[in-house]
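*Asks:* First, the structure itself, so that you have it in front of you.
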Amino acid sequence: MDKKTDSNSSLMQKDLEVIWHPCTQMKDHEVYPIVPIKSAKGVYLYDFDGNSYIDAVSSWWVNLFGHCNEYINLKIKEQLDTLEHVILAGFSHKPAIELAHRLVSVTPVGLDKVFFADNGSSAVEVALKMSYHYHLNCGANRPLFLSLSNSYHGETIGALSVGDVALYKQTYAPLLLQCIQAPVPIDSTLEASKIALVKLEEILASRGSEISAFILEPLIQGAGGMHIYHEYYLVGARELTKKYNIHMICDEILTGFGRTGTMFASGKAQITPDFMTLSKGLTGGYLPLSVVMTTNEVYNAFYCDYSEYKGFLHSHSYTGNALACSAALATLDIFEEHNIVEQNIEKSFQMAKALERFHILANVKETRIIGMIAVIELKEYQLSDRIGLKIHEFALSRGVLIRPLGNVVYVMPPYIIQKEEISKIFDIIYDAIISLS
Ligand SMILES: *Cc1c(COP(=O)(O)O)cnc(C)c1O
């Protein structure tokens, strides 16, 4: 490509000739432009026409410490000149070993084994397969999974099966695994969690013996509209899953690494699930990597002579990639050296303050916040109103990248965001919402 003539529009044209974008009706781009990004630094993205954008969604919830972070860059470059990747079956490498040890030490007590994969959905697949296989190895066939209503666990067939967002799932219904839903607590009150736990126990009492695992997004359901519920539900769900001998899978792909105000959401409820899936923030938003953490009890149910055929014969080509592991190690270094979870408290507080003035707007239903996720839910609009898209376009024209989920506008910034940038984001969202009426 000719560098001198590169512009947003020339690159968009070349892009649309060959690229099919994720989660997109491509025809939209007859009207709405694709934004080609030339470079990025900190919370800012820069396009080819000289515009800048604050990345207020952490590039789809992955970025923690900014783009082109100097420390993470340095650590990846060091690793790049040492070892880029090696097969993880029969072989190992220091970044994977060190990362697995550090993950065991920062996650809830009892999660002592680490299985590597390379993206969030594949980690969910691993957890589902392991859980089913565990029960099989123990002599029980339990082909059913339980999840929460309104849940999201990824887009691959197994992950989609345990999700409950109709927009993504409905089309593929005939292809999916067997799964039933327990109602998610309707709001963040203790009362709502108590009611939902009664329902959960009813389901477990009647169908428990068919169910391998209960998978859930702890504390907040992300793609399901940033729906927040009380940690009491997690405590109760842990007790009930133990009582009915069902695994609990905490999908912390979004909530892990400080997003909800504690290092892990399950940590806030002080529970240890049987499985925890991690990805997104794991590498600071740099490289695809995921892990499934589990217990020695699960691990031991697969540990026997080969000829018993109980091993977990699952793999991905890029499992435990060394560059991705080095990015993850650098990310953990930053958490430790800069006391990030503490530092975020003030930022979360500032976001909470910024939400207050939205209450008076006629089309705002409610606002909510948990840790580094601030949410403004608008009153109901038709899906066909494309309200989220309108707000996205408005904010983009003012230099802020947000990507509402329908009528749910949220801010999920990288943790290095500064006071003035938080103010700017909320000012622009305020104007965007006003512009709707
Ligand atoms: C994003 C997400 C996934 C899927 O991860 P991918 O890397 O996009 O496949 C799974 N679960 C939760 C809770 C997520 O937010």
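*Asks:* Would you pick out the residues in the range 196-219 that are over 15 Å from Arg142 (Cα atoms) and not in a loop (DSSP other than H, G, I, E, B)?
*Replies:* The answer is Ala196, Leu197, Val198, Lys199, Leu200, Glu201, Glu202, Leu216.
*Asks:* Further question on the same structure: Within 24 Å of the chain's Cα centre (by Cα) and not hydrophobic (A, V, I, L, M, F, W, C), is that true of Ser52?
*Replies:* In short, no.
*Asks:* Can I ask one more? Within the range 229-260, count every residue that is on the phi > 0 side of the Ramachandran plot and either near the ligand (Cβ under 10 Å from one of its atoms) or surrounded by fewer than 24 Cβ atoms within 10 Å (Cβ to Cβ) (or both).
*Replies:* Qualifying residue count, the range 229-260: 2.
*Asks:* Moving to a separate point now. Leu136 versus (1) hydrophobic (A, V, I, L, M, F, W, C); (2) in contact with a strand residue (DSSP E or B) (Cβ under 6 Å, 6 or more places away or on another chain); (3) in the same structural domain as Ile246 (by TED's automatic domain parsing); (4) more than 16 Å from the ligand (Cβ to nearest atom): which is the lone unmet condition?
*Replies:* (2)
*Asks:* Looking at the range 384-406, which of its residues are part of a loop (DSSP other than H, G, I, E, B) and free of Cβ contacts under 8 Å to residues at least 40 places away in the same chain?
*Replies:* If the condition is that a residue be part of a loop (DSSP other than H, G, I, E, B) and free of Cβ contacts under 8 Å to residues at least 40 places away in the same chain, then Arg386, Arg398, Pro404 are the ones that fit.
*Asks:* Moving on to the next point. Which of the strands (runs of 3 or more DSSP E) contained wholly in the range 1-81 include at least 3 residues that are among the hydrophobic types (A, V, I, L, M, F, W, C), within 16 Å of the ligand (Cβ to nearest atom) and surrounded by 14 or more Cβ atoms within 10 Å (Cβ to Cβ)?
*Replies:* It comes to none.
*Asks:* Here's a follow-up. Return the residues of the range 338-378 that are of a type in the set (Val, Ile, Thr), surrounded by 13 or more Cβ atoms within 10 Å (Cβ to Cβ) and within 16 Å of Thr255 (Cα to Cα); say none if nothing qualifies.
*Replies:* Correct list: Ile340, Val341, Ile369, Ile370, Ile373, Val375.
*Asks:* From the residues in the range 87-126 that are in a strand (DSSP E or B) and within 16 Å of the ligand (Cβ to nearest atom), which one is nearest to Thr294 (Cα to Cα)?
*Replies:* For the range 87-126, the residue satisfying everything is Phe115.
The values are calculated or read from the model by the stated rules, or taken from the named source; none is laboratory data. It should be emphasised that the depicted structure is a prediction, and the values quoted were computed from it without experimental measurement. Here Cβ is always computed from backbone atoms with ideal geometry, including for glycine, and neighbour counts include all displayed protein chains.
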